[in-house]
1. Compute the long axis of helix 145-154 from its Cα atoms, compare it with the longest principal axis of the Cα atoms of the chain, and write down the angle in degrees, 0 to 90, nearest 10.
2. With unit charges on the beta carbons (Lys and Arg positive, Asp and Glu negative) and the dipole taken about the Cα centre of the chain, which residue among ILE100, PHE66, THR24 sits farthest to the positive side?
3. Using alpha-carbon pairs under 8 Å, 6+ residues apart, how would you state the relative contact order of the stretch 77-154 in percent?
4. Where does the chain land at 222 nm, in deg cm²/dmol rounded to the nearest 500, when only DSSP H runs of n ≥ 4 count, each adding -39500 (n - 2.57), divided by all residues?
5. How many lysine pairs does the chain hold where the Cα atoms are under 17 Å apart and the two sit 8 or more places apart or on different chains?
6. What nm value, rounded to one decimal, do you get for the distance between ALA38 and SER74 when each label is placed 7 Å out toward the C-beta?
7. Against the longest alpha carbon principal axis of the chain, how many degrees, from 0 to 90 and to the nearest 10, is the axis of helix 77-86 turned?
8. Explain nothing, just the number: relative contact order of the chain, from Cα pairs under 8 Å at least 6 residues apart, as a whole percent.
Amino acid sequence: MTQQEVVHHYFSNLVGWLELKTSTQGVRSISFIPQPVAPETSRRNAVMDKLIKELDRYFAGNLTKFTVPLDPGSGTPFQRQVWNELTAIPYGETRSYSGIARRVGRPAAARAVGSANKRNDIPILIPCHRVVKADGTLGGYASGLKIKIALLELEGVST
């Protein structure tokens, strides 16, 4: 863990267990896990409290845009550019890998966009689940297509 990182486990009936990590600066990671393995830290911070409230509202269908700050701990400049573009995809909409590649100025880099999505440590908030193939089919999802489908259907996207 990094300095001042807080760990919390969160359960959603839609996707199961999530391990949430925050710093005082923002959300560090969200991981889909089968069950909690590491103990939760006893301390909390304002970022974690806000994240939990926003996830509660999102999974209840009452939040379409996250406002909790992000603090990704890694990522190349290209990956960060892709992740930034993903945050601009509106709730309930999708974009293609090739469309994202064009938007970041690398029109031949659709596969690299897919790789950047796979390396995204903050899924849901950086909505890589909203990226599909150019033909409209789902493509992949690092945490499994079942979760991608559940998130898209929550947002009203027919799969």
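1. Tilt of helix 145-154: around 90 degrees.
2. With unit charges placed on the Cβ atoms, the residue in question is ILE100.
3. 32
4. When only DSSP H runs of four or more count, the value is -9000 deg cm²/dmol.
5. So the count works out to 9.
6. Between ALA38 and SER74, the label points sit 1.3 nm apart.
7. 90
8. Details: 244 pairs, mean separation 31.1, N = 159.
Relative contact order for the chain comes out at 20 percent.
Readers should treat all values here as calculations from the given coordinates under stated rules, not as data from a laboratory. Computed from a predicted structure; not experimentally measured. Using ideal geometry, Cβ is built from the backbone for each residue, glycine included, and neighbour counts are taken over all protein chains shown.
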